[in-house]
1. In the set 185, 145, which member is under 18 Å from residue 363 (Cβ atoms), in contact with a Pro (Cβ under 6 Å, 6 or more places away or on another chain) and not small (Gly, Ala, Ser)?
2. Starting from residues that are assigned to a loop (DSSP other than H, G, I, E, B) and over 26 Å from residue 324 (Cβ atoms), keep the ones in the range 155-192 and report whichever is modelled with the lowest pLDDT.
3. Please go through the range 249-268 and pick out each residue that is surrounded by fewer than 18 Cβ atoms within 10 Å (Cβ to Cβ) and under 24 Å from residue 198 (Cβ atoms).
4. Tell me yes or no: at least one residue of the range 323-335 is assigned to a helix (DSSP H, G or I) and either touching a helix residue (DSSP H, G or I) at 6+ places or on another chain (Cβ under 9 Å) or under 30 Å from residue 103 (Cβ atoms) (or both).
5. I'd like the residue in the range 192-210 that is touching a residue at least 24 places away in the same chain (Cβ under 8 Å), of a type outside the set (D, E, K, R) and surrounded by fewer than 21 Cβ atoms within 10 Å (Cβ to Cβ) and, out of all such residues, is farthest from residue 235 (Cα to Cα).
6. Could you list, in sequence order, all residues of the range 206-224 that are of a type in the set (A, V, I, L, M, F, W, C) and either over 21 Å from residue 274 (Cα atoms) or in contact with a Pro (Cβ under 8 Å, 6 or more places away or on another chain) (or both)?
7. Out of all the residues in the range 363-393, which are in a loop (DSSP other than H, G, I, E, B) and within 13 Å of residue 138 (Cα to Cα)?
8. Could you check the range 303-333 and list, in sequence order, the residues that are modelled with pLDDT under 95 and surrounded by fewer than 22 Cβ atoms within 10 Å (Cβ to Cβ)?
Amino acid sequence: MTHRNRGRQDIGEPSPTIARWVRDNSPPRDGSDGAVVGWSRGIMVRTTCGRRRGDEGWLVRVRGLSIPPRAIAVTSIVVIVTFVAALVMFGVDPRGWFGRSGAQRHDPFAGAELYGAPDSLAHKAADAATGPDAEIVRRVAEVPTAIWLTPEESGLDAVEHRAATIAEGAAEENAVAVVVLYGITDRDCAGGHSGGGLEPGDYRTWVERAARGLGHEPRHVAAVVEPDALAMVDECPDPETRFDLLDDARSALDSAGVTTYLDAGHSDWVAVETMADRLRQIGIDEARGFSVNVAAYNGEADEIDYAERLADLLDDGVHYVMDTGRNGAGASGEWCNPPGRALGQRPGAGEGRLDARLWIKPPGESDGTCRGGPPAGTWWNERAAELARQAGW
């Protein structure tokens with residue numbers, strides 16, 4: 001019988017994965033310390049319709065034993081299937097185990113200090129404060145809050161440097177900075193006080209640059225992606241583009257190694273079943289989890305109930321963070337600078353699926369030009385002092 005010449009140049013050496021697996025799993029023979037892995041020509045015997053036929057082929061050689069590569073491949077598949085079955089048997093959703101990268105399985109707040117930007121609006125306003133509110137405003141300003149990246153303040157040419165500065169500053173203090181991305185197309189499409197945002201192409205570039213900057217020190221950063229963007233998606237002119245942009249933002253942050261939370265609105269907005277479906281559309285199974293109550297006033301009990309019911313509808317690996325900056329007295333049914341509200345619990349690590357309580361919206365920032373307030377996002381000393389006094393500071 002004549003066989004086609006299949007030289008080594010046709011198939012190459014065994015893959016590094018196969019070689020490493022064989023070395024690690026083969027017992028020593030003849031006093032040797034390790035497996036010798038390579039290719040050898042041998043006879044692979046098959047049975048076809050009762051007849052035995054020898055085919056010359058390439059085998060993986062291990063200390064004198066020749067193993068067909070297909071056998072190793074089948075063994076690997078069996079190991080993986082067995083592992084997945086074990087996860088299911090113990091009540092673990094394998095999608096969460098395999099879907100999340102290391103950055104998304106990492107709880108950034110466990111045992112960590114929170115980073116407060118030294119150049120925040122709160123610090124600047126507190127330093128300039130005078131009169132009876134000065135001391136209480138300074139105390140509020142000392143509490144670490146999230147740092148918001150917006151295209152208005154950090155545009156395409158500036159956002160990477162700004163993000164890197166934040167990440168490196170947090171690393172120098174061995175702390176974790178909470179960063180909010182807030183620049184999506186048709187940002188406040190529900191017609192509130194925070195309109196604007198970038199065109200889709202510019203937004204993708206902006207997010208990629210922000211992620212690259214945060215990636216300088218990814219273990220010292222946690223990102224909250226686009227507050228309200230999912231909750232108000234039905235009110236936007238192009239929902240599909242919004243879903244795509246949010247998925248792109250999540251992917252860019254994950255690629256940079258940044259732990260990521262996708263915003264899920266709050267308990268008085270969208271039904272949990274609807275929000276769960278929206279989160280799935282933007283890759284929640286590849287994020288650390290979601291955020292709730294950002295810039296809202298809802299009480300902690302209501303928000304935890306909402307977040308836990310939402311998490312139950314998602315996979316077992318999902319976690320969440322909650323904004324407690326202004327929820328000390330619960331909500332009043334009004335969202336724009338409502339009177340009688342109070343600071344909530346100070347930021348810190350949480351428990352169970354709640355990774356952390358955070359002050360994501362800096363409490364002294366205005367919701368908009370209502371009740372005598374300055375434009376949205378502007379620090380307002382009187383508001384900070386009012387919230388603190390209502391909380392008994």
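1. Details: 185 fails: under 18 Å from residue 363 (Cβ atoms).
One residue alone meets the criteria, 145.
2. Only one residue fits best here, namely 191.
3. Selection gives 255 alone.
4. Taking every residue of the range 323-335 in turn, none turns out to be assigned to a helix (DSSP H, G or I) and either touching a helix residue (DSSP H, G or I) at 6+ places or on another chain (Cβ under 9 Å) or under 30 Å from residue 103 (Cβ atoms) (or both).
5. Residues of the range 192-210 that are touching a residue at least 24 places away in the same chain (Cβ under 8 Å), as a first pass: 192-194, 196-198, 200, 202-210.
Those left that are additionally of a type outside the set (D, E, K, R): 192-194, 196-198, 200, 203, 205-207, 210.
Then keep just the ones that are surrounded by fewer than 21 Cβ atoms within 10 Å (Cβ to Cβ); that gives 192-194, 196, 200, 205.
On the way: 192: 12, 193: 15, 194: 15, 196: 15, 200: 17, 205: 25 Å.
Taking the candidates together, the pick is 205.
6. Within the range 206-224, the first condition is being of a type in the set (A, V, I, L, M, F, W, C), and the residues that meet it are 206-207, 210-211, 214, 221-224.
206, 207, 210, 211, 214, 221, 222, 223, listed by residue number.
7. Those that are in a loop (DSSP other than H, G, I, E, B) and within 13 Å of residue 138 (Cα to Cα): 363, 364, 380, 393.
8. Narrowing the range 303-333 to residues modelled with pLDDT under 95: 315-317, 333.
Within the range 303-333, 315, 316, 333 qualify.
The values are calculated or read from the model by the stated rules, or taken from the named source; none is laboratory data. A quick note: this is a predicted structure, and the numbers were derived from the prediction, not measured. Cβ atoms come from the backbone with ideal geometry, glycine included; neighbour counts cover every protein chain shown.
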